[in-house]
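A quick write-up on the structure given underneath.
Nothing in this text is a laboratory measurement; each read-out follows from the coordinates by a stated rule. Predicted model, so just to flag it, every value in this text is computed and none were measured. Because the Cβ atoms are built from the backbone with ideal geometry, glycine has one as well, and the counts that use them run over all protein chains shown.
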Amino acid sequence: RCGLQARLPMHILSLDTLRVGGWEHLAAYARIAGLGFDPVHNLSSLDQMLLQHSNKKLILIDTPGFGPADVDDMNNLAAWVQHSQLADVQLVIPATVRTAVFKRITDRFSQLKPSKLLLTRADEIESTGVLLDLAIRSGLPLSYVSNGQTIPEDIEQPSKASILACLSERKLIQSNLAHTRQEAA
């Protein structure tokens with residue numbers, strides 16, 4: 001949206017260079033959107049690329065997902081983020097994730113000090129109340145919600161109205177559950 005609608009000069013960098021097809025998929029999106037894109041193979045190259053594109057208003061940095069075994073890579077990225085002081089870290093998690101897994105993910109990535117939560121796959125959940133529940137559990141404000149595969153059309157910024165609708169839906173579900181339990185009793 002920043003590049004297409006607002007016409008901000010921007011660039012995308014991806015550190016996700018080890019996973020097969022990781023950066024190539026993002027490069028295709030960038031090409032279609034007419035945005036600059038570069039794969040970045042390590043953190044020292046990242047500093048060079050940021051300097052090279054310092055004339056851009058916005059630079060998005062895609063990072064790989066880190067599993068429990070990727071402690072060293074995570075620590076290195078956390079140190080870079082802390083040193084950078086320019087990075088606004090957003091934690092990207094599918095809305096379809098189970099609560100226990102969500103907790104493990106938010107705990108694992110807490111050392112990056114994310115400031116916002118971006119939820120994907122919202123079109124695959126049964127209730128939009130899940131979005132609100134995940135945001136509350138994370139303690140982070142929602143920056144964006146992705147409702148499908150079409151970029152940028154399916155990426156939305158949550159509004160007060162949509163959050164209130166989640167709360168209303170949640171109340172309705174709880175009311176229906178209570179009514180069902182009464183009938184069963």
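Listed by chain and number, the lysines whose alpha-carbon sits under 28 Å from that of LYS160, ignoring those within fewer than 8 places in the same chain, are LYS57, LYS103, LYS113, LYS116, LYS171. Quick one: go through the stretch 115-147 and flag any residue whose amide nitrogen is under 15 Å from the point 7 Å out along the Cα-to-Cβ line of SER84. The answer is 115-116, whose backbone nitrogens lie closer than 15 Å to the label point. Potential lengthening of the chain between SER110 and ALA33 amounts to 24.6 nm, from the contour at 0.36 nm per residue minus the alpha-carbon distance. The residue among ILE61, ASN42, GLY22 whose Cα reaches farthest toward the positive pole of the charge dipole of the stretch 19-62, with charges on the beta-carbon of Lys, Arg, Asp and Glu, is ILE61. Near VAL97, once Lys and Arg are set to +1 and Asp and Glu to -1 for all other residues with Cβ below 15 Å from its Cβ, the sum equals +1.
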